[in-house]
1. Comparing Pro61, Pro17, Pro92, which has the greatest mean-square fluctuation in the GNM of the chain with Cα pairs linked when under 10 Å apart?
2. Please give the length that would be gained between Val117 and Asp135 if that part of the chain were fully extended, namely 0.36 nm times their separation in residues minus their C-alpha to C-alpha distance (nm, one decimal).
3. Would you mind calculating the gained length between Asp57 and Asp74 on full extension (0.36 nm times residue separation, minus the Cα-Cα distance), in nm to one decimal?
4. Below 8 Å between Cα atoms, with a sequence gap of 6+, how large is the relative contact order for the chain in percent?
5. For the chain, modelled as a Gaussian network with Cα springs under 10 Å, which listed residue fluctuates most, Leu106, Leu96, Leu49?
6. Using only the heavy atoms of the protein chains and a 1.4 Å probe, how would Leu63, Leu36 rank by accessible area, largest first?
7. How long, wide and thick is the chain, going by the Cα atoms along their three principal axes, in whole angstroms, largest first?
Amino acid sequence: MNEEGRPIEVLLVEDDPGDVLLTREAFEFNKVRNRLHVVNDGEQAMAFLRREERYRDVPRPDLVLLDLNLPRMDGMEVLREVKEDQDLRTIPIVILTTSEAEEDILQGYRLHANAYVTKPVDFEQFIRVVRQIDDFFVTVVKLPHQGNRL
């Protein structure tokens, strides 16, 4: 929840049902009041972010948690499109992935990811990582108000 008391809208872009479940459980475990929205591939992510088709009435996310290994459009392509889009580029994106490849880390930052986090395999560690992401982006960082553009 941000300082105005409004829950933060978080978009999780993740195709692995187990990781979606872990993230939901981490949010519940952390008593996070923020709203978690989930899409399962890169094309759905872009449709959600642009509020197209079935996503017309969704809120604009305050934060995106983005996996890299996605069907139909991978995470790097999503990141590139978001950061090139005048209306979307101010949305912070945290890459949350299993890849520890230096090439992926460099590419993520070149495309202006706000953070690159490797998913822990252990449940307790995963919960801790999600809590730290939430704490940082919700209580420490100032996020732009929805609708504001640069």
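1. Pro17
2. Working: separation 18, 0.36 × 18 = 6.48 nm, distance 1.43 nm.
Answer, rounded to one decimal: 5.0 nm.
3. Working: separation 17, 0.36 × 17 = 6.12 nm, distance 2.45 nm.
Result: 3.7 nm gained on full extension.
4. Values: 233 pairs, mean separation 38.0, N = 150.
That works out to 25 percent.
5. Comparing Leu106, Leu96, Leu49 in a Gaussian network model of the chain, the most mobile one is Leu106.
6. Details: Leu63 5, Leu36 30 Å².
Solvent-accessible surface, decreasing: Leu36, Leu63.
7. Rounded to whole Å, the extents work out to 38, 37, 28 Å.
The values are calculated or read from the model by the stated rules, or taken from the named source; none is laboratory data. For clarity, every value in this text was computed on a predicted model and none was experimentally measured. What goes into the accessible areas is simple: the full protein's heavy atoms, side chains included, and nothing from ligands, DNA or RNA. Shrake-Rupley method; radii C 1.70, N 1.55, O 1.52, S 1.80 Å.
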